[in-house]
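Colleague: Sharing a structure here in structure tokens format.
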Amino acid sequence: MSIISRGFHGRRPLDSRKLPPGQYETTSFPVLSAGPTPRVSQREWELSVTTETGQRHAWDWAGLMALPSESPTVDLHCVTKWSKFDTHWRGVSLDVLLANVETAAEHALVSSYGGYTTNIPLADLLDGKAWIVHSYDGDDLAPEHGGPARLLVPHLYLWKSAKWVRGIELRENDVPGFWEGAGYHNCGDPWREQRYRGD
Ligand SMILES: Nc1nc2c(c(=O)[nH]1)N[C@H]1C(S)=C(S)[C@@H](COP(=O)(O)O)O[C@H]1N2
Ligand SMILES: [Mo]
């Protein structure tokens with residue numbers, strides 16, 4: 001008897017185990033930006049980490065490229081309810097960037113070229129959970145998706161993944177970022193459906 005499952009040849013069926021509550025799968029890659037796309041060249045790009053004591057660490061493009069990089073494959077979950085499975089990125093783990101940064105701070109305020117901000121507990125950036133990514137699907141990260149480099153924190157709703165990332169301020173106290181101040185949830189865990197304040 002030869003039974004050939006059509007499933008092996010067709011598109012992978014929607015994998016509900018990977019879909020947080022209230023989300024649907026998309027295979028496109030929507031662009032969501034609160035303003036115009038800032039044009040930042042690799043030559044002028046710089047990322048700084050500032051600690052609660054005022055210590056400043058900075059990397060230019062060559063400095064970022066000189067760090068060991070990783071190629072995470074992750075699922076994306078946007079608060080506007082689309083999820084995209086198995087996206088391929090290349091970038092530097094925050095564990096690497098923060099390895100020599102001395103801090104007792106528990107909060108991070110991430111800021112972008114163009115003025116966007118988002119707040120994230122420092123613990124959510126460590127232990128293999130976050131990257132500064134500069135490549136998507138084998139190509140340089142497109143400007144509309146945050147190129148030359150963006151933060152990627154895939155275990156939280158995608159608004160936490162600041163595009164055109166420029167600075168990470170390590171702070172003793174938490175302050176809301178752009179969307180958090182406008183009523184989005186402070187934490188943004190898609191598996192707990194923390195979309196808006198009070199969820
Ligand atoms: N600098 C910046 N980063 C940002 C945003 C933004 O407006 N500016 N939008 C956020 C939101 S709400 C989402 S859903 C994702 C969208 O990323 P994408 O455009 O690559 O899909 O970027 C996040 N990062
Ligand atoms: Mo979003």
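Colleague: Just to be sure I understand the filter: pairs with C-beta atoms under 6 Å, separated by 6 or more residues or on different chains, first member in segment 67-88 and of a type in the set (Lys, Arg), second member part of a strand (DSSP E or B) and within 12 Å of ligand 2 (Cβ to nearest atom). Which pairs pass?
Modeller: Close Cβ pairs (under 6 Å, with a partner that is part of a strand (DSSP E or B) and within 12 Å of ligand 2 (Cβ to nearest atom)) amount to 84/76.
Colleague: Additional query: Considering segment 153-189 alone, what residues qualify as being out of contact with any helix residue (DSSP H, G or I) (no Cβ under 7 Å at 6 or more places or on another chain) and within 14 Å of ligand 2 (Cβ to nearest atom)?
Modeller: Keep residues of segment 153-189 that are out of contact with any helix residue (DSSP H, G or I) (no Cβ under 7 Å at 6 or more places or on another chain), which gives 154-155, 158, 160-162, 164-169, 171-178, 180-183, 185, 187, 189.
If the condition is that a residue be out of contact with any helix residue (DSSP H, G or I) (no Cβ under 7 Å at 6 or more places or on another chain) and within 14 Å of ligand 2 (Cβ to nearest atom), then 154, 158, 160, 161, 162, 177, 178, 180, 182, 183, 185 are the ones that fit.
Colleague: Would a scan of segment 69-82 turn up a residue that is within 16 Å of ligand 2 (Cβ to nearest atom), closer than 19 Å to residue 114 by Cβ and in contact with an Asp or Glu (Cβ under 8 Å, 6 or more places away or on another chain)?
Modeller: no
Colleague: If you take the residues in segment 27-52 that are more than 16 Å from ligand 1 (Cβ to nearest atom) and in contact with a Ser or Thr (Cβ under 8 Å, 6 or more places away or on another chain), which one is farthest from residue 165 (Cα to Cα)?
Modeller: Only one residue tops the list, namely 52.
Colleague: Additional query: Taking only pairs six or more apart or across chains, which ones have beta-carbon atoms under 7 Å, a first residue in segment 173-199 that is at positive phi, and a second residue that is open to solvent by 50 Å² or more (accessible area, probe 1.4 Å)?
Modeller: Close Cβ pairs (under 7 Å, with a partner that is open to solvent by 50 Å² or more (accessible area, probe 1.4 Å)) amount to 183/196; 183/197; 193/21; 193/199.
Colleague: Are there any strands (runs of 3 or more DSSP E) wholly within segment 47-142 with 2 or more residues that are out of contact with any helix residue (DSSP H, G or I) (no Cβ under 8 Å at 6 or more places or on another chain), open to solvent by 30 Å² or more (accessible area, probe 1.4 Å) and more than 25 Å from residue 192 (Cβ to Cβ), and if so which? Give the steps one after another, and end with the answer.
Modeller: Details: elements: 56-60, 73-77, 82-93, 107-112, 117-121, 131-136.
By residue number, 56-60, 82-93.
Colleague: So for segment 147-154 (the condition being in a helix (DSSP H, G or I) and open to solvent by less than 60 Å² (accessible area, probe 1.4 Å)), does at least one residue qualify? Can you show your working first?
Modeller: Going through segment 147-154, the residues in a helix (DSSP H, G or I) turn out to be none.
Among the residues of segment 147-154, not one is in a helix (DSSP H, G or I) and open to solvent by less than 60 Å² (accessible area, probe 1.4 Å), which makes the answer no.
Colleague: I'm checking my understanding of the structure. Among residues of segment 155-170 that are more than 10 Å from ligand 1 (Cβ to nearest atom) and open to solvent by 50 Å² or more (accessible area, probe 1.4 Å), which one is nearest to residue 195 (Cα to Cα)? Break it down stepwise before answering.
Modeller: Looking only at segment 155-170, we keep the residues that are more than 10 Å from ligand 1 (Cβ to nearest atom), and these are 155-156, 167-170.
Remaining after also requiring open to solvent by 50 Å² or more (accessible area, probe 1.4 Å): 155, 169.
Numbers: 155: 13, 169: 24 Å.
So the residue we want is 155.
The values are calculated or read from the model by the stated rules, or taken from the named source; none is laboratory data. Because the structure is predicted, anything quoted here is derived from the model rather than measured. As a convention, Cβ positions derive from the backbone with ideal geometry for all residues, glycine included, and neighbour counts pool all protein chains shown. For accessibility, only protein heavy atoms count, side chains too; no ligands or nucleic acids. Shrake-Rupley method; radii C 1.70, N 1.55, O 1.52, S 1.80 Å.
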